[in-house]
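To keep things clear, I will list the structure first and then write my remarks on it.
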Amino acid sequence: MICLDTSFIIDFLKERKEAIEFMKKNTEEVFTTEVNVFEIFIGIYTKENYEREEAIAIGFFNSIHVASSNGWGVKSAKILSVLIKDGNLIEENDCFIASIMLANGCERIITRNKKHFERIKGIKVISY
């Protein structure tokens, strides 16, 4: 099992060649976490006209397994997007992603954000 990190999902949704090729070649089960859902939707909801990107992202997340925490990702993203638009700062915490991965028996993540996940014991980083 491989967890798709936010950087990979962004690249896939933007149809970057490397991400598309990985998904075509990958025969293993892939999934992501509610934290990644949250991060994707923060990026979407802070834009003025987000409906098209929102629909694409919803379609993507409906096509893969999302390790969930009762759906807090999208709800929190909408709330926090208001705070961001008001100029409030946010922190992203990759430890949440890693803990959800490990709790679900996953030790590998595909990401461009190698330096954050390489520090977490039990996580193998796959770059592309």
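Could you name the lysines whose alpha carbon sits less than 26 Å from that of K47, not counting residues in the same chain fewer than 8 places away?
K14, K17, K75, K78, K85
Enumerate the amide H contacts of H65 below 5 Å, restricted to partners 5 or more residues apart or on another chain; note that Pro and chain-start residues carry no placed amide H.
Amide H neighbours of H65, under 5 Å, 5+ apart: T32.
So if we plug the beta-carbon distance of A55 and Y128 into 1/(1 + (r/R0)^6) with R0 = 22 Å, what FRET efficiency do we get, rounded to 0.05?
0.30
Step through the residues of the stretch 10-24 one at a time and calculate ³J(HN,Hα) from phi using the Karplus curve (6.51 cos²θ - 1.76 cosθ + 1.60, θ = phi - 60°), rounding each to whole Hz and writing x for Gly and Pro.
Working through the residues one at a time gives 4, 4, 5, 5, 8, 6, 5, 3, 4, 5, 4, 4, 4, 5, 5 Hz.
None of the figures in this text is laboratory data; all of them are computed from the coordinates on show. None of these values were measured; they are calculated from a predicted model. Don't worry about glycine lacking a Cβ; one is built from the backbone with ideal geometry, like all the others, and counts go over all protein chains shown.
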